[in-house]
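Every read-out reported here was derived from the displayed coordinates using simple, explicitly stated rules and does not represent laboratory data. Just so it is clear, the structure is predicted and the values come from calculations on it, not from any experiment. When we count neighbours, we look across all protein chains shown, and the Cβ atoms used for this are built from the backbone with ideal geometry, even at glycine.
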Amino acid sequence: MDLNQLFISLSPSCTSVAMLLSFFLYLATVGSILPGKLVPGVTLSDGTRLHYRCNGLLSLLLLVLLLGVGSQMNLVSPTVTLMLYLVGLNSRAKSSSLKPHVSGNLIHDWWFGIQLNPEFMGIDLKFFFVRAGMMGWLLINLSVLAKCIIEDKLSQSMILYQIFCGLYILDYFFYEEFMTSTWDIIAERLGFMLVFGDLVFIPFTFSIQGWWLLSNKVELKTAAIIANCLVFLVGYLVFRGANKQKHMFKKDPKAPIWGKPPKVIGGKLLASGYWGIARHCNYLGDLLLASSFSLPCGISSVVPYFYPIYLLILLIWRERRDEARCAEKYKDVWAEYRKLVPYRILPYVY
Ligand code: NDP
């Protein structure tokens with residue numbers, strides 16, 4: 001294939017571009033109309049505090065419903081559904097003004113000074129990209145499921161994979177407000193990692209297991225299915241529990257943890273619950289969940305394990321960066337926390 005052919009094959013068609021643009025327009029409209037809890041974010045390093053309208057779940061459900069109805073009426077083909085991976089809408093608004101605005105130096109800011117919380121027409125781009133990636137992942141999975149059903153290839157493995165991922169994604173949107181106190185929002189700059197990670201990695205590589213199951217048959221024993229469900233359940237409890245405990249602690253440092261008053265170091269850091277077991281127990285939960293998405297594929301190939309392996313590397317690196325950030329920010333208080341909770345992610349191992 002020469003370069004010209006490659007360019008032509010990679011160029012999006014007018015129809016796909018038009019569909020994508022109308023889709024964004026639709027999402028922008030729906031996002032500003034649909035109700036959503038207005039959540040105050042944490043105070044950022046420049047002293048500002050942003051507010052986020054969390055209507056992602058409603059946006060997602062409406063989207064799936066409309067695509068489903070559209071497909072039934074032959075308005076939206078599965079190909080178009082797949083193409084629409086770039087979805088999502090942020091509805092961040094500054095507390096002082098809910099009116100959207102376009103910054104005159106947007107291009108400069110984008111290319112020469114990657115900001116901590118860039119926005120476009122009142123849309124928080126970081127929130128937008130994460131939301132786009134998560135919705136895209138679900139759409140791709142649903143499309144893979146549809147193909148599987150059409151080709152009469154539905155298996156236990158595919159059902160498990162779809163249920164686990166579907167629950168994880170719905171849970172993300174159900175607890176979307178917790179996102180406002182995560183590293184991505186408070187500390188990560190909008191650069192290659194976020195845009196590429198959210199728009200390419202999340203929707204396309206997280207769904208590798210589904211693609212793989214389309215062309216590979218796996219026989220799962222009952223014990224394997226039960227073990228797989230347990231990995232998902234424990235992972236979910238640790239992941240959601242840890243993130244929830246930290247979020248509640250930030251809102252109310254006296255809120256009980258597991259029914260007892262929390263242990264707090266220097267009035268700033270939580271050392272109870274999951275945060276007293278390891279300094280990033282939430283990463284452990286996420287890694288267990290990621291493994292549970294791949295286990296339905298069996299162990300005959302490493303390909304379906306791309307996501308947990310990628311996440312392991314990402315979270316080990318992320319934990320190191322967060323550790324350095326917290327050591328700098330909290331100084332002696334962090335040193336005391338480290339002494340009290342010596343493990344980073346996995347108790348007694350790491
Ligand atoms: P965290 O939610 O763990 O946020 C880290 C921040 O929390 C720190 O910078 C600090 O911020 C605060 N903090 C740390 N320890 C304590 C403590 N003991 N008490 C109170 N506050 C504390 O990190 P992430 O945003 O990276 O992760 C959030 C979730 O997202 C995780 O579950 C992770 O697994 C998941 N994730 C998933 C990815 C994926 O691709 N699937 C990628 C990345 C993350 P402060 O300065 O505000 O105190």
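Exposure proxy shown here: for Tyr52, Tyr348, Tyr236, the number of other Cβ atoms within 10 Å sets the order, fewest to most, as Tyr348, Tyr236, Tyr52.
Candidates Leu170, Ile150, Thr180 compared by Cα position along the dipole of the range 135-187: farthest toward the positive end lies Ile150, with charges placed on Cβ. Around Ile265, under 13 Å between beta carbons, what's the net of Lys plus Arg minus Asp minus Glu among the other residues? Here the charged neighbours net out to +4.
Close amide H contacts of Gly41 (hydrogens built in the peptide plane, cut-off under 5 Å, sequence separation of 5 or more or a different chain): Leu50, His51, Tyr52.
Can you list the trypsin sites (Lys or Arg not before Pro) in the range 318-350 that are in a DSSP coil and have 16 or fewer other beta carbons within 10 angstrom?
Lys331
Would you please name the chymotrypsin sites (Phe, Trp or Tyr not before Pro) within the range 258-314 that are DSSP coil residues with at most 13 other C-beta atoms within 10 Å of their C-beta? Answer in residue order: Trp258.
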